[in-house]
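Here is the structure we will look at, set down as structure tokens.
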Amino acid sequence: VTGVQTCALPISNGGSPITNYTVTSDPGGFTGASVGAATSATVHGLTNGTTYTFTVVATNGIGTSGPSASSNSVVPTAGTVNSNSAEGGTAGVSVTTANSGGASGNAFTVLSKGSGASLVYATAAAAHGTLGYSLHGSSGTATLMGWNGYSATSMAIRFYYNPGPTLPSKVMRLADIRNSTATAARVELSASNQLFIQNTAGTTLTTFPHALQANTWYRTELTISISGSAAAINAACYPADSTTPVDPAYSTTTGNTGTANITQVAIGSAASATWTGTSYFDDLAAQPGSTAFVGPG
């Protein structure tokens with residue numbers, strides 16, 4: 001949500017520096033915390049079309065303050081969402097940009113299949129409905145799908161992922177938010193099947209402790225808001241349509257070495273030099289101009 005006028009900062013910190021701020025919505029009691037003493041925070045879980053106000057508390061080494069006066073009221077809106085649920089395809093048919101639209105939503109403008117790899121519509125690959133995307137990786141190839149042509153300084157993406165019957169044993173890149181010069185943020189799966197988040201410099205920012213399980217659906221959400229020098233990144237992974245993350249949601253502000261403009265979202269696998277196997281994706285969504293998680297499909 002943007003447009004919230006934050007309440008006044010504390011008049012005094014009591015001699016102990018502020019360590020963070022926590023924002024709480026009314027109604028709903030949804031909260032968001034700042035990164036350190038930064039004076040901004042993202043609140044997740046809000047409902048589009050609902051009017052909210054917000055209060056802020058400050059925390060330092062002495063304790064937590066009382067709540068501020070309420071902010072001005074704001075009404076979050078959905079904005080434009082590019083999505084593709086696979087329902088427009090035909091089981092067993094190779095996915096192309098030409099046949100990726102139809103009833104499934106926005107046709108992909110990015111679709112890349114490395115030599116020996118395949119991406120097909122499959123009934124076994126459905127998190128929702130009857131179809132999903134079955135991705136078979138081949139040694140040293142990348143196979144991915146998504147959308148080009150954005151021009152935005154913020155982006156929220158969501159995708160459903162199932163590692164399949166045999167857990168990958170090599171690092172896989174599951175999602176990439178790119179600008180015109182480089183990756184802006186990415187989600188990867190480690191050789192031990194843990195999700196980790198990287199920034200534009202390829203630096204790992206966090207690794208989620210819980211390992212993904214075979215034949216299990218997960219929903220991953222990633223948001224980014226960038227300037228010419230900084231990027232605010234939020235990430236979370238949920239069991240399918242649960243509203244409770246498998247680990248606490250992650251939030252940070254990190255450097256940006258690329259341009260302050262998002263041009264592409266790509267979801268799929270950048271396979272390692274030796275990885276082969278089958279995994280599944282479904283219900284992809286990207287929302288430019290947003291820093292709120294997209295939520296369940």
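Quick notes on this structure:
- Some residue of the stretch 278-289 being open to solvent by 20 Å² or more (accessible area, probe 1.4 Å) and not in a strand (DSSP E or B): yes
- Conditions (1) surrounded by 12 or more Cβ atoms within 10 Å (Cβ to Cβ); (2) at pLDDT below 85; (3) on the phi < 0 side of the Ramachandran plot: number failed by S70: (2)
- Going through (1) in a strand (DSSP E or B); (2) closer than 29 Å to T254 by Cβ one by one, V120 falls short only on (2).
- Some residue of the stretch 161-178 being in a loop (DSSP other than H, G, I, E, B) and under 20 Å from I224 (Cα atoms): no
- In the stretch 152-191, of all residues being in contact with an Asp or Glu (Cβ under 7 Å, 6 or more places away or on another chain), modelled with pLDDT under 95 and basic (K, R), the one that is surrounded by the most Cβ atoms within 10 Å (Cβ to Cβ) corresponds to R186.
- Answer residue from the stretch 216-239, given it is modelled with pLDDT of 95 or more and assigned to a loop (DSSP other than H, G, I, E, B) and is surrounded by the fewest Cβ atoms within 10 Å (Cβ to Cβ) among those: T216
- So S227, is it out of contact with any strand residue (DSSP E or B) (no Cβ under 8 Å at 6 or more places or on another chain) and either free of Cβ contacts under 8 Å to residues at least 12 places away in the same chain or farther than 25 Å from S134 by Cα (or both): yes
- The residues on offer are T259, T274, T243, and the sole one that is in a loop (DSSP other than H, G, I, E, B), modelled with pLDDT under 95 and touching a Lys or Arg at 6+ places or on another chain (Cβ under 9 Å) is T274.
- Yes/no for G295 being assigned to a loop (DSSP other than H, G, I, E, B) and in contact (Cβ under 8 Å) with a residue 40 or more places away in the chain: yes
The values are calculated or read from the model by the stated rules, or taken from the named source; none is laboratory data. As the structure is a computational prediction, the values presented were derived from the model and not from experiment. Cβ: placed from backbone, ideal geometry, glycine included. Neighbour counts: every protein chain shown. What goes into the accessible areas is simple: the full protein's heavy atoms, side chains included, and nothing from ligands, DNA or RNA. Shrake-Rupley method; radii C 1.70, N 1.55, O 1.52, S 1.80 Å.
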